[in-house]
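Visitor: Take this structure, written in structure tokens, and hold onto it; I'll ask about it next.
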């Protein structure tokens, strides 16, 4: 076999390993400590990571991997469980922030209602005091005597 033929065989073997690793990662078979990214793809396929960048031999496979990953993510599928957890937690945080805003709004409304209710009660109390004073000072109004304390049974 010639050197050129040997390189072609080696490149084909590398591409096959890269595609197999790509398929595993995109199915969610992430190795411990890995992610669904180029670094893990390089480690899983046994190819140097730098071979995936620029005009290097496997740049087209990196582009394919990133395109397939984006397609999965746009469809709502997260092959990387950590990325899925991050997405879920971000969504939960947005929901919790909305609840805090709603709660704050409700608290402000209730505080305003409480302030208005106390002001009304104070005004009604003042009116009652004024009316009692007016009734006491009016000469045409006679007060009935207070009842005497009852001694003994009422029968």
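Visitor: All but one of (1) surrounded by 10 or more Cβ atoms within 10 Å (Cβ to Cβ); (2) more than 30 Å from residue 10 (Cα to Cα); (3) at pLDDT below 90 hold for residue 140, so report the exception by its number.
Guide: (1)
Visitor: Next question, about the same structure. Take residue 92 and decide whether it is farther than 17 Å from residue 17 by Cβ, out of contact with any strand residue (DSSP E or B) (no Cβ under 7 Å at 6 or more places or on another chain) and either assigned to a loop (DSSP other than H, G, I, E, B) or outside the structural domain of residue 9 (by TED's automatic domain parsing) (or both). Spell out how you get there, then give the answer.
Guide: Numbers: farther than 17 Å from residue 17 by Cβ: yes; out of contact with any strand residue (DSSP E or B) (no Cβ under 7 Å at 6 or more places or on another chain): yes; either assigned to a loop (DSSP other than H, G, I, E, B) or outside the structural domain of residue 9 (by TED's automatic domain parsing) (or both): yes.
The answer is yes for residue 92.
Visitor: Moving to a separate point now. Name the single residue, out of those in the stretch 56-77 being in contact (Cβ under 8 Å) with a residue 40 or more places away in the chain and in a loop (DSSP other than H, G, I, E, B), that is nearest to residue 8 (Cα to Cα).
Guide: Of the residues in the stretch 56-77, the ones in contact (Cβ under 8 Å) with a residue 40 or more places away in the chain are 57-58, 61, 64-65, 68-69, 72.
In the following step, the residues that additionally are in a loop (DSSP other than H, G, I, E, B) were identified as 57-58.
Details: 57: 11, 58: 13 Å.
Restricting to residues being in contact (Cβ under 8 Å) with a residue 40 or more places away in the chain and in a loop (DSSP other than H, G, I, E, B), the top hit is 57.
Visitor: When you look at residue 60, is it surrounded by fewer than 14 Cβ atoms within 10 Å (Cβ to Cβ) and over 35 Å from the mean Cα position of the chain (by Cα), yes or no?
Guide: Numbers: surrounded by fewer than 14 Cβ atoms within 10 Å (Cβ to Cβ): yes; over 35 Å from the mean Cα position of the chain (by Cα): yes.
Yes, satisfied.
Visitor: Just wondering, is there one or more residues in the stretch 15-24 that are without any contact (Cβ under 8 Å) to a residue 40 or more places away in the chain, part of a loop (DSSP other than H, G, I, E, B), surrounded by fewer than 16 Cβ atoms within 10 Å (Cβ to Cβ) and out of contact with any helix residue (DSSP H, G or I) (no Cβ under 6 Å at 6 or more places or on another chain)? Let's see the steps before the verdict.
Guide: Start the filter on the stretch 15-24 by keeping residues that are without any contact (Cβ under 8 Å) to a residue 40 or more places away in the chain, which leaves 16-17, 20-21, 23-24.
After this cut, where a residue has to be part of a loop (DSSP other than H, G, I, E, B) as well, the list is none.
Taking every residue of the stretch 15-24 in turn, none turns out to be without any contact (Cβ under 8 Å) to a residue 40 or more places away in the chain, part of a loop (DSSP other than H, G, I, E, B), surrounded by fewer than 16 Cβ atoms within 10 Å (Cβ to Cβ) and out of contact with any helix residue (DSSP H, G or I) (no Cβ under 6 Å at 6 or more places or on another chain).
Visitor: Has the stretch 42-55 got any residue that is assigned to a helix (DSSP H, G or I) and closer than 16 Å to residue 78 by Cα?
Guide: Within the stretch 42-55, the subset assigned to a helix (DSSP H, G or I) is 42-45, 49-52.
Keeping just the survivors that are closer than 16 Å to residue 78 by Cα gives none.
Scanning the stretch 42-55 turns up no residue that is assigned to a helix (DSSP H, G or I) and closer than 16 Å to residue 78 by Cα.
Visitor: Moving on to the next point. Kindly evaluate residue 83 against the criterion of being part of a helix (DSSP H, G or I) and at pLDDT below 95.
Guide: Working: part of a helix (DSSP H, G or I): yes; at pLDDT below 95: yes.
Against the criterion (part of a helix (DSSP H, G or I) and at pLDDT below 95), residue 83 qualifies.
The values are calculated or read from the model by the stated rules, or taken from the named source; none is laboratory data. These numbers come from a predicted model, not from an experiment. Neighbour counts are summed over all protein chains in view; Cβ atoms, including those assigned to glycine, are modelled from backbone coordinates with ideal geometry.
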